[in-house]
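The values are calculated or read from the model by the stated rules, or taken from the named source; none is laboratory data. Not measured: the values here are computed from a predicted model. Don't worry about glycine lacking a Cβ; one is built from the backbone with ideal geometry, like all the others, and counts go over all protein chains shown. Areas reflect the complete protein model, heavy atoms only, side chains present, ligands, DNA and RNA absent. Shrake-Rupley method; radii C 1.70, N 1.55, O 1.52, S 1.80 Å.
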Amino acid sequence: MHDARPEPHDEHDAGTADGAGTTDGGPGAAGGEPGTAAGSRAADGAGPSRRSVLWTAGAAGAGLGLAGMAAGTASAAGAAATPATAATPVSAGSAPDTAAAPKRRGRTMIGVPFEGRSTVRVAIVGLGNRGGSMIDLFLAVPNTRVVALCDPVKEKTAKAAKKVTDAGQPAPAVYANGDHDFENLCKRGDIDFVYIATPWDWHFEMAKTAMLNGKHVGVECPIALRLEELWELVDLSEQTRKHCLQLENCCYGRNEMRVLRMAHAGLFGDLLHGAGAYNHDLRGLMFDPDYYEGPWRRLWHTRLRGDLYPNHGFGPVANYMDVNRGDRAVRISSFGTPALGLAAYRKEHMPAGDPSWKETYIESDRTISLVQTAKGRVIRLEHDVSTPHPYSRINSLGGTKGVFEDYPSRIYLEPGHSDDQWHDFGEFAEWDHWLWKEHANPPGGHGGMDYMLVFRLTQCLHLGLVPDFDVYDAATWTAPVPLSDLSIKAHGMPLEIPDFTRGDWKKARPGMDSEKPTG
């Protein structure tokens with residue numbers, strides 16, 4: 001039986017307020033690297049430090065504009081910032097217009113290949129533990145150079161630059177002059193792809209800047225936090241002809257890719273339901289003063305009530321069901337428990353006078369969302385980082401011929417199974433994706449899925465292939481962040497999920513279930 005599970009994920013955006021990162025998994029996680037203490041260093045250069053920006057955002061709810069989240073237009077200015085606790089609740093009697101699509105201003109990016117190139121030139125923005133570890137994988141894959149690095153903490157850029165030269169590559173350009181030096185990096189003419197691993201607050205702005213400067217861009221999840229921002233990234237990708245990708249590594253997990261191929265081969269019959277989650281006890285890490293500097297991760301629990309991190313669970317199940325490739329996520333209904341876990345943990349573990357005592361937590365300890373597709377299928381999403389729970393992404397798929405469930409992995413499929421007992425998923429190893437057959441023991445974290453993502457991404461860039469997923473997938477997988485918050489406030493009212501493809505979802509097309517390139 002194969003059940004080499006990835007180490008528990010922490011935040012993919014491993015950069016923190018001043019570039020100090022988090023390791024996915026954290027202290028005590030199986031195979032996880034220890035967290036790095038960055039201290040309270042301010043960024044060099046003019047203007048407020050990234051840490052102070054995040055503290056201000058936490059106090060004022062900056063960048064969320066909850067009252068404007070339901071607007072389905074790509075507003076350049078966005079809605080006015082509004083504290084989450086002061087946001088006007090959505091009336092249970094009238095659903096906001098969340099599905100209206102703005103007029104297309106470019107051409108679809110569906111099926112658009114990268115431009116082939118002999119060497120893929122990568123820039124990395126954010127060198128905390130996530131970016132600082134992913135650089136090793138970019139240096140390990142063929143036909144790839146790391147040409148530029150950005151982080152306001154110079155010690156981080158120096159450490160990463162040494163990795164580049166130790167790998168035998170030329171010294172990279174370094175951008176460490178304050179919070180906005182990434183803008184100068186994006187102006188360079190020798191960059192093909194910008195990889196962003198920073199706190200969530202910065203994702204939209206950085207992705208937008210990269211595309212406006214003619215760069216393909218990949219972002220750790222979530223790619224943005226408001227519907228207006230998601231639409232703007234879709235429009236910018238179509239206008240600039242540059243790909244904007246949600247770098248969802250869980251889609252490249254061995255189990256996920258095996259289930260994907262089995263589903264597409266019809267082994268599950270007609271698909272009916274699936275489930276995905278991010279259930280991971282992060283209480284100790286969120287109250288660690290060094291692990292999430294700022295502490296930006298905990299502050300999100302003072303701003304939103306909905307699912308803060310749907311991508312790990314939603315992405316793989318959406319792939320199984322060909323969402324945006326013949327089916328579409330149509331509506332979402334979300335419910336949330338009271339927010340008790342973080343306050344209880346603080347009471348037990350944090351001393352009087354700790355800054356956390358000034359915080360009011362509103363994020364539901366567990367959110368449960370039901371997403372329905374155009375074909376009537378149902379996807380259950382869960383999020384819980386505030387209560388005791390063994391790590392689980394659930395990762396389940398069911399159809400008319402049987403069901404798969406993960407954590408631990410087990411399967412029951414007719415006609416081979418007929419005893420009403422779970423069976424060994426290892427029986428189906430022949431269905432492994434070609435990536436896992438070619439790289440049976442990949443390097444890197446999370447059971448190898450990080451390497452698979454980087455290898456496949458750079459392979460597509462090198463050979464001029466269509467990427468496995470696109471900006472429409474990024475927007476769809478992230479839409480539950482604002483929509484679940486609105487639905488919870490409306491007592492579970494179903495809200496329409498925008499069709500970011502503007503009707504193109506009806507056309508079947510390839511995705512993660514790729515053929516091995518011959519080139």
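Residues in the stretch 388-519 average 38 Å² of solvent-accessible surface per residue, probe 1.4 Å, ligands and nucleic acids excluded. If one puts a single equal scatterer on every Cα of the stretch 183-312 and applies the Debye formula without solvent, what log₁₀ I(q)/I(0) results at q = 0.20, 0.22 Å⁻¹? Log10 I(q)/I(0), no solvent term: -1.18, -1.24.
Computing the accessible area with a 1.4 Å probe over protein heavy atoms, can you report the carbon and sulfur percentage for the stretch 118-192?
Values: 1310 of 2770 Å².
C and S atoms contribute 47 percent here.
Charged neighbours of Leu397, selected by a Cβ distance under 13 Å, balance to +2 (K, R count +1; D, E count -1).
Surface composition of the stretch 366-519: carbon plus sulfur atoms hold 53% of the accessible area, using a 1.4 angstrom probe and ignoring ligands, DNA and RNA.
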